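Below you'll find the structure, written out as structure tokens, and then a few comments.
The values are calculated or read from the model by the stated rules, or taken from the named source; none is laboratory data. Everything numeric here is computed off the predicted structure, so don't read it as measured data. Neighbour counts are summed over all protein chains in view; Cβ atoms, including those assigned to glycine, are modelled from backbone coordinates with ideal geometry.
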Amino acid sequence: MIQTNLKQTAENRLPGDPDKDTLIEQIIRVDQAGEYGAKRIYEGQLAVLGHTPAGAVIRDMLAQEEKHLEKFNTLMAARRVRPTALEPLWHMAGFALGAATALMGKEAAMACTVAVEDVISEHYAEQKAQLGEDESDLRETISSFRDDELHHRETSLHEGAETAAAYVPLTTAIKAGTRLAIWLSKRI
């Protein structure tokens, strides 16, 4: 896979590669959409598991996602980046995914988090590598948020994610859906 690197000069870009401004817009748009989707997943999980001991763990992760979302909302406004047109879909799909996995049990809800955070941590690492020195603040934000996402993954593993029924097919499907959501949110 060929990645655009902001450190490259314009003459080194390949046909079809976004220019720097377009790449930054895509990064902010897709990250805002992802944080919004994560918020909705946790809200769906809380609708089912909020009254259980798992509720406290989920609320802690939700609080971090809300801070991430607030930061990306601020970046969108400051840099005049439009949100994804798919936000209404992510509103429903995120909540439905969270509620559905929670209905399968705490372990399935935690498996959902592991799957999503696996993809998001890879996604953030790729973005961080694409950003040049002139985008050090955005790179540091992404790096910090990636650390939080990895912590959510580890917490979910500790909470029994791998003991969920059909763990491998469940996480495989959620990862595929997450990758599709990223691809779509960059573009639409």
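Annotations
- Among the residues of the stretch 162-188, those identified as over 18 Å from the mean Cα position of the chain (by Cα) and either surrounded by 12 or more Cβ atoms within 10 Å (Cβ to Cβ) or in a helix (DSSP H, G or I) (or both) are GLU162, THR163, ALA164, ALA166, TYR167, VAL168, PRO169.
- Within the stretch 81-89, none of the residues are under 16 Å from the mean Cα position of the chain (by Cα), buried (at least 19 other Cβ atoms within 10 Å of the Cβ) and closer than 25 Å to HIS151 by Cβ.
- Candidates are the residues of the stretch 21-40 that are of a type in the set (D, E, K, R) and in contact (Cβ under 8 Å) with a residue 24 or more places away in the chain; the one that is surrounded by the most Cβ atoms within 10 Å (Cβ to Cβ) is ASP31.
- Applying the criterion of being of a type in the set (S, T, N, Q) and in contact (Cβ under 8 Å) with a residue 60 or more places away in the chain to the residues of the stretch 73-103, the residue that is nearest to ALA47 (Cα to Cα) is THR101.
- Put simply, of ALA96, ALA108 the only residue that is at pLDDT 95 or above and touching a Gly at 6+ places or on another chain (Cβ under 9 Å) is ALA96.
- On the stretch given as the stretch 82-100, residues that are assigned to a helix (DSSP H, G or I) and of a type in the set (D, E, K, R) total 1.
- Per-region count, the stretch 60-81, residues outside any helix (DSSP H, G or I) and farther than 20 Å from TYR124 by Cα: 1
- Test: residue in the stretch 125-145 that is under 16 Å from GLN45 (Cα atoms) and buried (at least 22 other Cβ atoms within 10 Å of the Cβ): no
- Residue count, the stretch 41-59 (criterion: of a type outside the set (A, V, I, L, M) and free of Cβ contacts under 8 Å to residues at least 40 places away in the same chain): 5
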